[in-house]
Amino acid sequence: LTDSIDIRKGTRRGCPLSPLLFVLTLEVLNTNIREEKEMEIKKEEYKLQAFADDLAFILEDSLESAPKLMEKIEEYGKVAGLKINKGIYKEYASKTEERVGGSFGDQGHE
């Protein structure tokens, strides 16, 4: 491997390279989530959809899997300097009476 590279500056606003770099670095998180064995959706690999900076996660047992998912997202966020905007995210539960809300925080639930 090569020596480490110190990043001192980001890309300029509007730079065509910026979205590509963002998507490439976000793929690290996406791959990590896809490979997580404790988060399943009916024994299939389909756990998330990603388009630009929008992510949709599909979990089999959301009450158990959501905290694990949030841990991975927060871990990635510390390294990448990103965080969830809890004011605009949405969560939906299907075929359950239980609420997922506590897993993602108490703001912005719908």
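Each of PHE57, PHE22 was scored by other Cβ atoms within 10 Å of its Cβ. Arranged with the fewest first, they read PHE22, PHE57.
Quick one: which of LYS9/LYS90; LYS9/LYS37; LYS68/LYS90 span more than 25 angstrom between C-alpha atoms? Going by Cα-Cα distance, LYS9/LYS90; LYS9/LYS37 fall outside the 25 Å limit.
Using the beta-carbon distance between ARG13 and GLU71 and R0 = 25 Å, what value does 1/(1 + (r/R0)^6) give for FRET efficiency, to the nearest 0.05? Before the final figure, lay out each step's value.
Values: r = 31 Å, r/R0 = 1.25.
Using R0 = 25 Å, I get an efficiency of 0.20.
All of the numbers you see were taken from the coordinates with simple rules; none came from a lab. Keep in mind that this is a model prediction, so the values were computed, not measured. Cβ coordinates were reconstructed from backbone atoms using ideal geometry, including for glycine residues, and neighbour counts include every protein chain displayed.
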